[in-house]
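The values are calculated or read from the model by the stated rules, or taken from the named source; none is laboratory data. For clarity, every value in this text was computed on a predicted model and none was experimentally measured. Don't worry about glycine lacking a Cβ; one is built from the backbone with ideal geometry, like all the others, and counts go over all protein chains shown.
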Amino acid sequence: MIKTIKRRFPGCIVIKGPSDYIQGIPDVLILFNDHWAALECKRSLKEVNKSKIHEPNQDYYVSLMNRMSFASFISPEIEEEVLDAVQQSFESGR
């Protein structure tokens with residue numbers, strides 16, 4: 001995923017955060033020019049769609065960070081769609 005992000009957004013910084021710092025914070029932070037996005041990585045779309053599979057607070061932090069800039073759950077099945085949305089967010093300056 002990180003290699004794909006770096007190819008898609010040349011010059012970006014991708015930070016994979018420690019999961020034990022703040023429980024529920026998304027796994028990956030993308031810093032690109034003057035924008036940022038946070039992604040919570042899941043192994044499958046099934047994990048994305050079932051909030052009971054999420055760790056406590058993941059839905060809360062993804063929602064909160066999405067209101068601030070951009071945040072989303074991502075899995076291999078929806079990777080392209082989510083990265084398109086990240087790109088649109090970066091381009092719109094949101």
Pairs with Cβ under 9 Å, 6+ apart, first in the stretch 5-17 and touching a residue at least 60 places away in the same chain (Cβ under 8 Å), second in a loop (DSSP other than H, G, I, E, B) and exposed (fewer than 14 other Cβ atoms within 10 Å of the Cβ) = PHE9/ASN33
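Kindly establish whether VAL86 is surrounded by 19 or more Cβ atoms within 10 Å (Cβ to Cβ), at pLDDT 95 or above, in contact with a helix residue (DSSP H, G or I) (Cβ under 9 Å, 6 or more places away or on another chain) and not in a strand (DSSP E or B). So that I can check it myself, show each step before the final result.
Numbers: surrounded by 19 or more Cβ atoms within 10 Å (Cβ to Cβ): yes; at pLDDT 95 or above: yes; in contact with a helix residue (DSSP H, G or I) (Cβ under 9 Å, 6 or more places away or on another chain): yes; not in a strand (DSSP E or B): yes.
Taking the combined requirement at face value, the residue satisfies it.
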Within the stretch 4-39, can you find the residues that are among the charged types (D, E, K, R) and either modelled with pLDDT under 95 or in a loop (DSSP other than H, G, I, E, B) (or both)?
-> LYS16, ASP20, ASP27, ASP34
Could you tell me which residue of the stretch 46-68 is nearest to PHE90 (Cα to Cα), considering only residues that are surrounded by fewer than 15 Cβ atoms within 10 Å (Cβ to Cβ), modelled with pLDDT under 80 and of a type outside the set (Val, Ile, Thr)?
-> ASN49
